[in-house]
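Right, one structure below, let's go through it.
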Amino acid sequence: MQRNLAIVTGVSRSRGIGAAICRELAKNEIDIIFTYWNAYDELSGLAENKNTVNTIQQELKSNDICVATIELDLTNPLSSDALFNFAKEQFGYSPNILINNAAVSLDDNIESITANNLDLHYKINVRATTLLSSSFVKQFNASYGRIINITTGWKQGQMPNELSYVLTKSTMDTLTYTLASTLAEKNITINAINPGPTDSGWMSEDTKSYLINRFPIGRVGQPTDVAKLVSFLTGPDSGWITGQVIHSEGGFRNEDG
């Protein structure tokens with residue numbers, strides 16, 4: 001029987017959401033291919049050390065699963081086909097799970113926005129996600145499939161200082177809704193998760209202190225929170241859930257409460 005194989009994009013930091021998702025999938029004995037792009041981590045100032053990817057890979061393999069990694073520049077429109085060709089070469093069969101986690105988030109606003117920054121966000125947050133989903137569907141031949149998009153809370157409250165990010169990331173919701181019925185005919189579900197503000201390595205202590213008052217549970221979000229939801233949505237028991245945008249953010253208040 002063919003094993004489940006997941007592609008997870010944007011996994012290059014041990015504290016990141018992508019790494020947490022991989023860990024949860026590994027617990028479920030799902031084989032994994034994860035992508036990374038060190039140049040973006042350096043651009044965003046979130047880079048860890050050069051051995052991080054290898055460390056994550058070895059950690060996942062301790063669950064007795066097969067793990068492959070590929071450094072992939074998703075700004076290249078040919079990268080999606082390259083990724084799925086790589087998957088077939090490495091495993092001999094096609095993935096039945098796609099987690100669109102990779103994203104670009106570089107702050108700007110209506111006065112500081114530039115064409116180059118907007119285009120960079122578009123290439124990853126819109127074009128790459130759409131082309132990856134297309135490649136996934138075209139090669140899909142398993143009994144069931146899952147696409148999960150990691151989105152943001154753009155509808156939950158205004159984010160004027162993340163303009164390029166919000167404009168492009170909002171397409172995750174549109175893509176999820178638009179494709180739900182078409183993919184259901186192929187026994188593929190597609191859902192999106194908004195994890196809310198998540199301590200994935202970018203939060204300073206001041207940021208945490210500010211945000212914690214907005215979380216009635218008394219803590220900020222952790223990567224494991226979204227990873228556990230991804231784990232459920234990738235499993236066989238979630239087959240009746242599709243086309244949904246799930247705001248899994250612990251009751252986060254968009255205004256100080």
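I'd like to check which helices (runs of 4 or more DSSP H) are fully inside the range 1-120 and have at least 2 residues that are open to solvent by less than 20 Å² (accessible area, probe 1.4 Å). So that I can check it myself, show each step before the final result.
Values: elements: 17-27, 38-44, 52-61, 79-91.
By residue number, 17-27, 52-61, 79-91.
From the list I217, I241, I246, exactly one residue is open to solvent by 40 Å² or more (accessible area, probe 1.4 Å), in contact (Cβ under 8 Å) with a residue 12 or more places away in the chain, assigned to a loop (DSSP other than H, G, I, E, B) and closer than 30 Å to N187 by Cα. Which is it?
Details: I217 fails: closer than 30 Å to N187 by Cα; I246 fails: assigned to a loop (DSSP other than H, G, I, E, B).
Only one candidate passes the filter, namely I241.
Return the pair list, or none, for Cβ contacts closer than 9 Å from residues in the range 61-81 that are within 15 Å of N101 (Cβ to Cβ) to residues that are among the basic types (K, R), at least 6 apart or on different chains.
Every condition considered, the pairs that remain are L74/K123; L74/R127.
Those residues that are part of a loop (DSSP other than H, G, I, E, B) and closer than 19 Å to I246 by Cα, I need them from the range 187-199; list them, please. Quick ask: steps written out before the conclusion?
At the first step, the residues of the range 187-199 found to be part of a loop (DSSP other than H, G, I, E, B) are 187, 195-197, 199.
Correct list: P195, G196, P197, D199.
Just checking, how many residues over the range 7-38 are more than 12 Å from the chain's Cα centre (by Cα) and of a type in the set (A, V, I, L, M)?
Residues that pass the stated criteria total 5.
Within the range 226-238, restricting attention to residues that are without any contact (Cβ under 8 Å) to a residue 40 or more places away in the chain and closer than 23 Å to T198 by Cα, which residue is most open to solvent (accessible area, probe 1.4 Å)?
Taking the range 226-238 and keeping what is without any contact (Cβ under 8 Å) to a residue 40 or more places away in the chain, we get 229, 232, 237.
Pick out the ones that are also closer than 23 Å to T198 by Cα and you get 229, 232.
Numbers: L229: 37, F232: 94 Å².
Among residues in the range 226-238 that are without any contact (Cβ under 8 Å) to a residue 40 or more places away in the chain and closer than 23 Å to T198 by Cα, the one most open to solvent (accessible area, probe 1.4 Å) is F232.
Is one or more of the residues making up the range 17-35 of a type in the set (F, W, Y) and modelled with pLDDT under 95?
First pass over the range 17-35, keeping only residues of a type in the set (F, W, Y): 34.
The next check asks that each one be modelled with pLDDT under 95; those that pass are none.
Checking the range 17-35: not a single residue is of a type in the set (F, W, Y) and modelled with pLDDT under 95.
How many residues does the range 146-172 contain that are surrounded by fewer than 22 Cβ atoms within 10 Å (Cβ to Cβ) and not in a helix (DSSP H, G or I)?
11
The values are calculated or read from the model by the stated rules, or taken from the named source; none is laboratory data. Everything numeric in this text was worked out from a predicted model, so none of it was measured. FYI the Cβ positions are ideal-geometry reconstructions off the backbone, even for glycines, and counts take in every protein chain you see. Quick note on the areas: whole protein, heavy atoms, side chains included, nothing else; ligands and nucleic acids left out. Shrake-Rupley method; radii C 1.70, N 1.55, O 1.52, S 1.80 Å.
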